[in-house]
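Read through the structure below, which is laid out as structure tokens, and then see the notes.
The values are calculated or read from the model by the stated rules, or taken from the named source; none is laboratory data. Being a predicted model, the structure only gives us computed values, none of them experimental. Counting neighbours? That spans all protein chains shown, and the Cβs are built from the backbone with ideal geometry, glycine included.
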Amino acid sequence: MAKAEPDKRQFSPKEVLEDIEARMPQEVARLYHSVWADVVQVHFVWQSYAQLYGSDDSIKVLNSCASSFFARLQRSLYAELVLRIARLADPAKSGPGRRDNASFFRLADAVREAGDAALADQLKCAAETFKGTARAISVVRHRQIAHRDLNVALRVEPLLAVTSGQIEDALRCARSFMHIVEGKYLGSMTGYEHAVEAGGADHLLFWLREGIAHQECRGPGR
């Protein structure tokens, strides 16, 4: 008997959300989907950053093509990484009006509101672990990216840049948090760190190298 082929159909964002809503309590589903999208995106941003600036060879390619532009892009990607990671560690509510945040702590509260106190406690603990791991990143967000701390701006109190190790640790803790939710409600876990972005930074590097090779073949002054 012929073996059935696995379903390789691509699901639309609407279909993905509908499936999540069918598997999770109403209080949890939409917030989970929003946070899930944030975690996916921060992994893609980190992937792009690492591909572009993670080796001497790639930096040499960028500098030989458009050094000023790619230096500006590096600062922009760095700021986006810091913002995206720090936001996930935000409290459930903040601001003058105590508005809800789409963060790990708010998702833990949503699970509690849905009636699963044990899972909520587990998620609260995982969110605290993530917050601790991302503490240095949150400081950079608050004092340098989201706001312009005067002492930092004037270099009275130099602020250390976020390291790749700190980013990797924060993303690992973020995945652990999400996997707790997914294991409970979905029976499967997203491989965030294994996602491949179509047309990503590696494609850009490929074509830049092709352009450099083509120019070298033409020779100087041509």
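Residue pairs whose Cβ atoms lie under 9 Å apart, separated by 6 or more positions or on different chains, with the first residue in segment 94-117 and closer than 21 Å to LEU83 by Cα and the second modelled with pLDDT under 95 and in a loop (DSSP other than H, G, I, E, B), are ASN101/GLY95.
Within segment 101-118, restricting attention to residues that are small (Gly, Ala, Ser) and within 15 Å of TYR185 (Cα to Cα), the residue that is nearest to the chain's Cα centre (by Cα) is ALA108.
Looking at segment 129-152, can you tell me whether even one residue there is in a helix (DSSP H, G or I), closer than 15 Å to VAL181 by Cα and of a type outside the set (Ser, Thr, Tyr)? Yes: one or more hits. Under the condition of being within 20 Å of PHE44 (Cα to Cα) and in contact (Cβ under 8 Å) with a residue 24 or more places away in the chain, which residue from segment 182-195 is surrounded by the most Cβ atoms within 10 Å (Cβ to Cβ)? Looking at the filtered set, the residue picked out is TYR192.
Name the residues in segment 67-97 that are aliphatic (A, V, I, L, M) and either in contact with a Leu (Cβ under 9 Å, 6 or more places away or on another chain) or within 13 Å of LEU205 (Cβ to Cβ) (or both), would you? Explain how you work it out, then say what you get.
Keep residues of segment 67-97 that are aliphatic (A, V, I, L, M), which gives 71, 73, 77, 79, 81-83, 85-86, 88-89, 92.
Selection gives ALA71, LEU73, LEU77, ILE85, ALA92.
Taking first residues from segment 13-29 that are on the phi < 0 side of the Ramachandran plot and partners that are not hydrophobic (A, V, I, L, M, F, W, C), the Cβ contacts under 7 Å between residues at least 6 apart in sequence or on separate chains come to LEU17/HIS33; ILE20/TYR32; ILE20/HIS33; ARG23/TYR185; MET24/TYR32; MET24/TYR185; GLU27/GLU113; ALA29/GLU21.
May I ask you to say which residue of LEU52, LEU31 is in a helix (DSSP H, G or I) and touching a Leu at 6+ places or on another chain (Cβ under 6 Å)?
On the way: LEU52 fails: touching a Leu at 6+ places or on another chain (Cβ under 6 Å).
So the residue among LEU52, LEU31 that is in a helix (DSSP H, G or I) and touching a Leu at 6+ places or on another chain (Cβ under 6 Å) is LEU31.
Within segment 47-64, the set of residues being over 17 Å from the mean Cα position of the chain (by Cα) and either more than 15 Å from ASP202 (Cβ to Cβ) or among the aromatic types (Phe, Trp, Tyr) (or both) comprises ASP56, LYS60, ASN63, SER64. Among the conditions (1) in a helix (DSSP H, G or I); (2) modelled with pLDDT of 95 or more, PRO91 misses just one, which is (1). Tell me yes or no: at least one residue of segment 150-158 is touching a residue at least 12 places away in the same chain (Cβ under 8 Å) and on the phi < 0 side of the Ramachandran plot. No, segment 150-158 contains no residue that is touching a residue at least 12 places away in the same chain (Cβ under 8 Å) and on the phi < 0 side of the Ramachandran plot. Filtering segment 118-128 down to residues that are among the aliphatic types (A, V, I, L, M) and without any contact (Cβ under 8 Å) to a residue 40 or more places away in the chain, which residue is nearest to HIS179 (Cα to Cα)? Only one residue tops the list, namely ALA120. The one condition from (1) within 26 Å of SER94 (Cβ to Cβ); (2) part of a helix (DSSP H, G or I) that GLU168 does not meet is (1). Going through (1) surrounded by fewer than 13 Cβ atoms within 10 Å (Cβ to Cβ); (2) more than 30 Å from GLY54 (Cβ to Cβ); (3) at pLDDT 95 or above one by one, ARG75 falls short only on (2). Taken across segment 106-126, residues that are touching a helix residue (DSSP H, G or I) at 6+ places or on another chain (Cβ under 8 Å), in a helix (DSSP H, G or I) and within 22 Å of LEU160 (Cα to Cα) do not occur at all.
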